[in-house]
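Novice: Below: one structure in structure tokens.
Please treat every number below as a calculation from the coordinates, not as lab data. Quick caveat, the model's predicted, so the values are computed rather than measured. Please note: Cβ atoms are built from the backbone with ideal geometry, for glycine as well, and neighbour counts cover all protein chains shown.
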Amino acid sequence: MAAPRAALNRRAGRRRAAGPAVRSAAAGLALNAPSLRTRAPLIHAIAQALRTAPGHTLREDFFLELLHRGFTPEEARTQLGIAIDWGRYAELYDYDSDNATLALEELSG
């Protein structure tokens, strides 16, 4: 079930559409918030960190720094990019590319 591009871009300038790999993977997984919490630990960790962060927002650098402990900078960027796309697609959190920040979906606006 691929999301229409308009839904992914409903906040013009704040959302970027998920790439083809994410859309095809999501279509095969019945991607939704509960399944991501159990099947994707990084996405779950991002959502949890945002729930406890002041203002429910964090800069992407916070997550990249953590990922650099186990991945090269390029791999960390790729991992975070995928987690951002999937988490946004499931409407767990939002990503503002202008400020490089993530925020809880229901609180962003």
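Novice: Spelling out what I want: for every residue of the stretch 42-48, take phi, set θ = phi - 60°, compute 6.51 cos²θ - 1.76 cosθ + 1.60 (Karplus), and round to whole Hz; glycine and proline get x.
Specialist: Working through the residues one at a time gives 5, 5, 4, 5, 5, 4, 5 Hz.
Novice: Here's a follow-up. Measure off 7 Å from each Cα along the Cα-to-Cβ vector at T78 and T52, then give the distance between these two points in nanometres to one decimal.
Specialist: Between T78 and T52, the label points sit 3.0 nm apart.
Novice: Next up: So if R0 is 22 Å, what FRET efficiency would L104 and L66 give, r being the distance between their Cβ atoms, rounded to the nearest 0.05?
Specialist: 0.75
Novice: Right, next: Mind listing the long-range amide H neighbours of Y93? Cut-off is under 5 Å, sequence gap 5 or more, other chains count too, H placed in the peptide plane at 1.01 Å from N.
Specialist: Amide H neighbours of Y93: R88, E105.
Novice: Quick one: what are the phi-derived ³J(HN,Hα) couplings along the stretch 51-67, Karplus 6.51/-1.76/1.60 with θ = phi - 60°, whole Hz, x for glycine and proline?
Specialist: 5, 9, 6, x, x, 6, 9, 9, 6, 4, 4, 4, 6, 4, 4, 5, 5
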